[in-house]
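Shown next, in C-alpha cells, is the structure this report addresses.
Only the coordinates and a few stated rules stand behind these numbers; no lab work does. In this text the structure is predicted, and so the values were computed from the model without any measurement. Quick reminder, even Gly has a Cβ in these numbers, built from the backbone with ideal geometry, and neighbours come from all protein chains shown.
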Ligand code: HEM
C-alpha cells in the first residue's frame with residue numbers, strides 16, 4: 001500500500017453532462033480506465049464533481065467508514081424513489097436498528113431452510129425445459145430468482161402474471177433510476193413519455209408489494225420468515241419497531257436486492273461457461289462425480305467447490321452491481337485533496353477485480369484460480385462484489401448458495417450452447433449489468449434425476 005496516495009482527474013468531461021456519456025454507454029471500460037489517472041480520480045456526474053476511489057486501500061476506507069461516507073449522492077437519492085428507506089438505502093443513523101431486525105433472517109440456520117426452496121425452484125425450472133428448446137436466459141433466470149426470493153423470505157408463491165409484471169416494472173424503474181442520476185430534477189417532473197413510464201412502473205411495483213404484504217397478513221400465520229419478523233417488529237412499536245411504510249420498504253428492498261442481481265449472476269455464469277468449454281468440462285466432471293444420476297440437494301454444497309468457484313469467477317469478471325454512491329458527512333482529507341462535507345463519492349468495488357497487482361492474468365475466466373489449494377489464490381480484497389464493512393451485502397451467503405444450487409441443477413441436466421440472435425452487450429443505462437439478450441439452445445446431458 002503506498003505511503004501517499006495520488007489523486008487525478010479523468011479526461012473527457014463535457015460541459016453540462018460531464019462523463020455521463022461513457023458512464024451510460026460503456027461504463028465498465030470507463031471505470032477500468034480510471035486507475036491510470038490516480039488512486040482517487042475526479043469525474044463529473046452532469047456538472048457535479050464526484051470522486052472515485054481506485055486504490056483498494058481508499059475503497060476500503062470509504063466502505064468501512066460508513067459514518068463519514070454515508071449512503072447518499074445521486075444513486076441512493078434515486079434508489080429511494082424505488083425502495084424507500086429500506087436497509088440498503090437508509091442513512092447511517094437508521095442503519096444499525098434496521099440491520100439488527102433483519103439480520104436474524106439471514107442466519108445460517110435460516111439459510112438451510114432457504115436452500116431447500118432454492119433447489120426446488122431450480123429443479124422446477126429445469127423440469128419445464130425440453131431438449132432443443134431455445135431459452136432467453138435472463139428473463140428465465142429473473143423469473144427463477146423472483147420466485148425464490150419471495151418464497152424464501154415472504155413465504156409467497158407468486159402468480160405467473162405477478163412475476164411478469166415485477167420483471168417489467170423493475171426493468172423500467174432501474175433504467176429510469178440510472179438516467180435520472182444525470183437529469184436535473186425539473187426535467188424528471190415533466191410529463192414526458194419516459195417519465196410517465198417510470199412513474200407507472202413504480203406504481204406497479206408498490207402495488208404488487210402491497211398486495212403481497214396484505215395477502216400475508218390475511219393468512220395470519222407466523223411462517224418464521226423475514227416478513228413475520230418485520231410484522232412482529234411493527235407491532236412492537238415504542239421499542240424500536242418498524243412502521244407500516246418501513247415494512248413495505250424492507251420487502252421492496254429484498255425483492256430488489258435478491259432478484260435482478262441474482263438473475264444477472266446466473267445469466268453471466270451460463271454465458272461464461274458457453275464461452276469457455278474447458279471450464280464447462282470441469283464443472284460437468286464435478287457434477288457427474290458428486291451427483292451421478294440424482295438431483296442436487298443442499299447437502300451437496302460442500303462437495304461442489306468448482307461450481308461455487310465458477311460463480312465467484314463470473315462475479316469477478318461480469319459484475320452485476322457495479323456502481324453506487326456515497327456522500328461525505330464531514331470534511332475529509334484524501335489523496336492530497338480536501339473534500340468538503342456533501343461531496344459525492346462514486347464507488348465501484350469491481351474496479352479492483354481487474355487489477356494485475358491482485359489477479360494473475362485478470363482478463364481470463366479461470367474458476368480454478370479460487371481453489372483453496374491454488375498457489376497464488378487472490379487475496380480477499382481482490383473480490384469486492386458484495387461491498388464491505390457494516391453496509392456489506394446482507395444476502396452474500398444467500399446469493400452464493402442460490403447461485404451454486406441453481407447452476408448445479410441446470411448444468412447437471414442441460415448443456416447450453418449459444419443460439420443465433422443473441423446480443424450480449426449489457427443494456428445501456430443499466431443499474432444491474434446483464435447480457436441484454438442471451439439465447440441458448442438446450443441439449444439434454446442426463447435424463448431428469450428423481
Ligand atoms: C450476486 C448477487 C448480489 C450482489 C452482487 C449484491 C451486491 C451488494 C452490494 C455491493 C451491496 C452494498 C452496497 C453499498 O455498500 O452501498 C449490497 C447490499 C445489500 N444487499 Fe446485496 N447483492 C447480491 C445479492 C443480494 C441478495 C440475494 C439479497 C437479499 C435477498 C441482497 C440484499 C442486500 C441488502 C438488503 C443490502 C443492504 C445491506 C445494508 O446496508 O446493511 N443482496 N449488495
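Springs join every pair of Cα atoms under 10 Å in this Gaussian network model of the chain, and among 40, 230, 192 the largest mean-square fluctuation is at 192. Using the Cβ-Cβ distance between residue 333 and residue 189 with R0 = 35 Å, the FRET efficiency computed as 1/(1 + (r/R0)^6) comes to roughly 0.40. Each peptide among 6-16, 49-59 gets the average number of other Cβ atoms lying within 10 Å of its residues, and from highest to lowest they stand as 49-59, 6-16. If both residues of a DSSP beta bridge must be in the chain, then about 85% of such bridges are antiparallel. Computed extension gain for residue 9 through residue 81, at 0.36 nm per residue and net of the alpha carbon distance, reaches 22.8 nm.
Please state the shape class of segment 28-176: rounded when a/c is under 1.5, otherwise prolate if a/b exceeds b/c and oblate if not, all from the C-alpha gyration tensor. Taking the square roots of the gyration eigenvalues as a ≥ b ≥ c, segment 28-176 is prolate. Segment 341-367 and segment 78-124 have Cα centres lying 25 Å from one another.
Regarding segment 1-46, what's the average projected area of the Cα-atom convex hull, expressed in nm²?
3.3 nm²
Percent of Cα pairs in the chain per distance bin of 10 Å, from zero to the largest separation: 4, 20, 31, 27, 15, 3, 0.
Cα gyration tensor of segment 4-76, axes a ≥ b ≥ c as square roots of the eigenvalues: rounded (a/c below 1.5), prolate (a/b > b/c) or oblate? Oblate shape, in that a/c is at least 1.5 and b/c is the bigger or equal ratio. Of the residues 306, 44, 97, the one that moves most in a GNM of the chain with alpha-carbon contacts below 10 Å is 97. For segment 58-142, take the convex hull of the Cα atoms, compute a quarter of its surface area, and give me that in nm², please. Result: 9.0 nm². Every pair of different Cα atoms in segment 241-349 enters the Kirkwood calculation, which places the hydrodynamic radius at 17.8 Å.
So for segment 388-448, what percent of the C-alpha to C-alpha distances run longer than 15 Å? Each step should come with its number before you reach the end.
Working: 1270 of 1830 pairs.
So the portion of pairs separated by more than 15 Å is 69 percent.
Among 300, 120, 249, the residue with the largest mean-square fluctuation in a Gaussian network model of the chain, with springs joining Cα atoms closer than 10 Å, is 300.
Just need the relative contact order of the chain here, percent rounded to a whole number, with Cα pairs under 8 Å and 6+ apart. Write out the running numbers ahead of the final one.
On the way: 714 pairs, mean separation 109.8, N = 450.
Reported as a whole number, the value is 24 percent.
The length gained on full extension between residue 29 and residue 210, counted as 0.36 nm times the residue separation minus their Cα-Cα distance, comes to 61.2 nm.
Compared with the alpha-carbon gap, the fully stretched path from residue 232 to residue 390 is longer by 54.4 nm at 0.36 nm per residue.
Is segment 313-364 best put as rounded, prolate or oblate by its Cα gyration tensor, with a ≥ b ≥ c the root eigenvalues, rounded for a/c under 1.5, and otherwise prolate when a/b is larger than b/c, oblate when not? Mind dumping the intermediate values first?
Working: a/c = 5.75, a/b = 2.08, b/c = 2.76.
Oblate, because a/c is 1.5 or more while a/b does not exceed b/c.
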